[in-house]
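Here is the structure we will look at.
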Protein chains: 2
Amino acid sequence: MPKAQPPATAEELRHAILERHGSLSKRLQQIARYVLDEPNELAIETLSVIAERAGVQPSAIVRFAKEFGYPGASQMQRVFRDNLLSGNAAIGYGERVRHFNAGLSRRKGGGHAEVLAEFIEGNSLALHNLAQTISEAQLAEAVDLIDKAETVFVAGFRRSFPVASYLAYSLQQVNKRTMFVDGVGGLGKLQAQTIGRKDVLIAVSYQPYAGETIEAAEQAAARGAKILSISDSLVSPISKLATVVLQVRESEVRSFRSLAASICLAQALVIDLAFESTRAERRPRRGRAT
Amino acid sequence: MPKAQPPATAEELRHAILERHGSLSKRLQQIARYVLDEPNELAIETLSVIAERAGVQPSAIVRFAKEFGYPGASQMQRVFRDNLLSGNAAIGYGERVRHFNAGLSRRKGGGHAEVLAEFIEGNSLALHNLAQTISEAQLAEAVDLIDKAETVFVAGFRRSFPVASYLAYSLQQVNKRTMFVDGVGGLGKLQAQTIGRKDVLIAVSYQPYAGETIEAAEQAAARGAKILSISDSLVSPISKLATVVLQVRESEVRSFRSLAASICLAQALVIDLAFESTRAERRPRRGRAT
DNA sequence: AACGAATTGGAATATTCATTCTACGCGCCG
DNA sequence: CGGCGCGTAGAATGAATATTCCAATTCGTT
């Protein structure tokens, strides 16, 4: 049932969609979601491109537009285009385009957004720094270590816990046998006690190093397991015991260190491993489960 | 005399135009000026519209594009579109992410460092995108919500778990009364059951939305608690119930979405809260004046 | 002033794109 | 269990748009 008056601005349309989202058909909801999530795509790309990305038929988008009162999809696009333009409208390059400095630092004294911007900046720096501190060889070693392990144990507490949990989760996602030493119920020590010679412990730790992690590492070392340390220092108590150390320098803003770089590294590690495994599938030996 | 290699970015094209401006024909200079002055128009409008506004023939614009090495005017437009989007960041992002997804499958995958570099790039993009999708107002609302809460409950499972655990950890660090709904021992439901009218639930969730989180959100809503949703969509099951939604667009490579942006947001949220509390300490009581 | 080369305007053409339409599939209700 | 209606996919259509081409004009040169 098309409305008589189509929303004239992107904001209005957004509201309208949110309001009616529940009562739309499945396919239309799918489109609604895409429209909400990717307004700029909608503004610029052609209908068929949008359709493909949203996983629907072009005609479905036309129907969607009509559902909200537009005569056609093009008119709906216009709304988003205008919105996009007005957002950027301030950028008026004159004939004197000598200003190649697109001023990116907008100083709003406001506070909230500034904090966010600061962290974004900091994490961005940390990420790029990561590329320089981690060498290809190190990464390859680390992946190889994990790939060859029968079972991977992951340990990390306090500040490192999110990184460890991410690692444990995604390793399982790529079908690596993984044991997350989460220390629930004070069982951390026991969990790590079953580690064996063919296994690997990934120990994530940052200053101040959690006692549990150190313990786990010591135990692993004692039982002949390999250790991969993800840490902020090469000489941390854990790194000393490690076979391979991946050093991450996190950004620190107002004495709060971030984790973005570590998460990124963890992610790259796991995906890289997934590639490695895929390649390894062709090889007869070492039949890891898919 | 068409150049062999057309400028691939708007900035390059601007350079090229400025350089050759003097040696262009009158009509071509006219177009050059328009291109420099109104890049946005060029990005979005159709050729004939642009021609009319610039006071030239459509064919002249095609000629202009060819002059700079493009096979047609459309290809030149694409350059400006990409630029517009990456400037606005909301989808220059999607476009680029799509690019290295394509690139990933093409490359042999031999380079470990390459994978890392791609994730760094992807996360970097996601971070910058974050700055644009989260408005100061939203952040302020979210902080306010948390600040006023008696107890903060944090829920997030599977992929969202690292983010949730980070939030829980750092909220406690800044002395906020926090309850981490971690679902250990299948007690998730019970943990969330004690939530009250004065409390806030921070629900972190991404597709596919974990049932436990949805349950927790429903319970919270039923008991009259406020909900802050950190999610990838405005219409996710959790976001629908939420008082405030912070939408995060993560980078995605090979169906592995990252978490760096979410971690960054979480961090900013907590630190921002810490400032807020510090300021509030001077004032009589917990209740902040709105 | 006249010729030639370069440039331009505008119609003709080819291509791409949005939209419409029809037949099919699915779920709902009798 | 069978019919009915909504929703959907996909091809056909028609419109709009980009591009090409050629004749007309301007500009520079001798």
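The values are calculated or read from the model by the stated rules, or taken from the named source; none is laboratory data. Every value quoted in this text rests on a predicted model; they were computed, and no experiment measured them. No Cβ is skipped: glycine too gets one built from the backbone with ideal geometry, and neighbour counts run over all protein chains shown. Accessible surface is based on the protein model in full, side chains and every heavy atom, while ligands, DNA and RNA are left aside. Shrake-Rupley method; radii C 1.70, N 1.55, O 1.52, S 1.80 Å.
What residue, among those in region B:11-48 that are small (Gly, Ala, Ser), out of contact with any Asp or Glu (no Cβ under 9 Å at 6 or more places or on another chain) and within 17 Å of B:Gln75 (Cα to Cα), is surrounded by the most Cβ atoms within 10 Å (Cβ to Cβ)?
Of everything passing the filter in region B:11-48, B:Ala32 is surrounded by the most Cβ atoms within 10 Å (Cβ to Cβ).
From the list A:Ser205, A:Ser229, pick out the single residue that is touching a Leu at 6+ places or on another chain (Cβ under 8 Å), within 27 Å of B:Phe180 (Cβ to Cβ) and among the hydroxyl-bearing types (Ser, Thr, Tyr).
Working: A:Ser205 fails: touching a Leu at 6+ places or on another chain (Cβ under 8 Å).
Going through A:Ser205, A:Ser229 in turn, just one is touching a Leu at 6+ places or on another chain (Cβ under 8 Å), within 27 Å of B:Phe180 (Cβ to Cβ) and among the hydroxyl-bearing types (Ser, Thr, Tyr): A:Ser229.
Given the condition at pLDDT 90 or above, closer than 26 Å to B:Glu276 by Cα and open to solvent by 60 Å² or more (accessible area, probe 1.4 Å), answer yes or no: does some residue in region A:175-185 qualify?
No, because not a single residue in region A:175-185 is at pLDDT 90 or above, closer than 26 Å to B:Glu276 by Cα and open to solvent by 60 Å² or more (accessible area, probe 1.4 Å).
When you check A:Pro39 against the structure, is it away from DNA strand D (no atom under 15 Å from the Cβ) and over 31 Å from the mean Cα position of the chain (by Cα), yes or no?
no
So, of the residues in region A:59-73 that are near DNA strand D (Cβ under 9 Å from one of its atoms) and free of Cβ contacts under 8 Å to residues at least 24 places away in the same chain, which turns out to be nearest to the other protein chains (Cβ to nearest Cβ)?
Taking the candidates together, the pick is A:Val62.
Consider region B:134-174. How many of its residues are among the aromatic types (Phe, Trp, Tyr) and either open to solvent by 30 Å² or more (accessible area, probe 1.4 Å) or not assigned by TED's automatic domain parsing to the domain that holds B:Ile263 (or both)?
Step one: filter region B:134-174 for residues among the aromatic types (Phe, Trp, Tyr), giving B:153, B:157, B:161, B:166, B:169.
Adding the requirement that they be either open to solvent by 30 Å² or more (accessible area, probe 1.4 Å) or not assigned by TED's automatic domain parsing to the domain that holds B:Ile263 (or both) leaves B:161, B:169.
Qualifying residue count for the region: 2.
Given A:Gly185, A:Gly224, which one is at positive phi and either within 11 Å of another protein chain (Cβ to nearest Cβ) or touching a Pro at 6+ places or on another chain (Cβ under 8 Å) (or both)?
None of the other options fit; the residue is A:Gly185.
Residues are listed down the side, and each one gets a yes or a no for (1) polar (S, T, N, Q); (2) modelled with pLDDT of 85 or more; (3) within 9 Å of DNA strand C (Cβ to nearest atom):
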| site | (1), (2), (3) |
| --- | --- |
| B:Gln5 | yes, no, no |
| B:Gly22 | no, no, no |
| B:Ser25 | yes, no, yes |
| B:Glu38 | no, no, no |
| B:Thr46 | yes, yes, no |
| B:Ile50 | no, yes, no |
| B:Arg63 | no, yes, yes |
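Scan region A:115-134 and report the pairs whose first residue is touching a residue at least 60 places away in the same chain (Cβ under 8 Å) and whose second residue is surrounded by fewer than 24 Cβ atoms within 10 Å (Cβ to Cβ) and among the charged types (D, E, K, R), with Cβ atoms within less than 7 Å and a gap of 6+ or a chain change.
Here the result reads A:Ala126/A:Arg249; A:Ala126/A:Glu250; A:Asn129/A:Arg249; A:Thr133/A:Arg249, each pair linking region A:115-134 to a residue that is surrounded by fewer than 24 Cβ atoms within 10 Å (Cβ to Cβ) and among the charged types (D, E, K, R).
Residue under question is B:Ala164, and the condition is that it be touching a Gly at 6+ places or on another chain (Cβ under 6 Å), assigned to a helix (DSSP H, G or I), closer than 30 Å to A:Asp182 by Cβ and modelled with pLDDT of 80 or more; does it hold? Break it down stepwise before answering.
Working: touching a Gly at 6+ places or on another chain (Cβ under 6 Å): yes; assigned to a helix (DSSP H, G or I): yes; closer than 30 Å to A:Asp182 by Cβ: yes; modelled with pLDDT of 80 or more: yes.
Judged against the criteria, B:Ala164 is a match.
For (1) modelled with pLDDT under 90; (2) surrounded by fewer than 19 Cβ atoms within 10 Å (Cβ to Cβ), each residue gets a yes or a no:
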{"residue": "B:Leu187", "(1), (2)": "yes, yes"}
{"residue": "B:Leu190", "(1), (2)": "yes, yes"}
{"residue": "B:Gln193", "(1), (2)": "yes, yes"}
{"residue": "B:Ile227", "(1), (2)": "no, no"}
{"residue": "B:Val235", "(1), (2)": "yes, yes"}
{"residue": "B:Val244", "(1), (2)": "no, no"}
{"residue": "B:Arg249", "(1), (2)": "yes, no"}
{"residue": "B:Glu252", "(1), (2)": "yes, yes"}
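If I filter region A:49-58 down to residues being open to solvent by less than 40 Å² (accessible area, probe 1.4 Å) and touching a residue at least 12 places away in the same chain (Cβ under 8 Å), which single residue comes out as nearest to DNA strand D (Cβ to nearest atom)?
This residue is A:Val56.
Give B:Gly103, B:Gly87, B:Gly94 a once-over and let me know the one that is open to solvent by 10 Å² or more (accessible area, probe 1.4 Å), within 12 Å of another protein chain (Cβ to nearest Cβ), over 15 Å from B:Ala10 (Cβ atoms) and modelled with pLDDT under 70.
On the way: B:Gly103 fails: within 12 Å of another protein chain (Cβ to nearest Cβ); B:Gly87 fails: over 15 Å from B:Ala10 (Cβ atoms).
Only one candidate passes the filter, namely B:Gly94.
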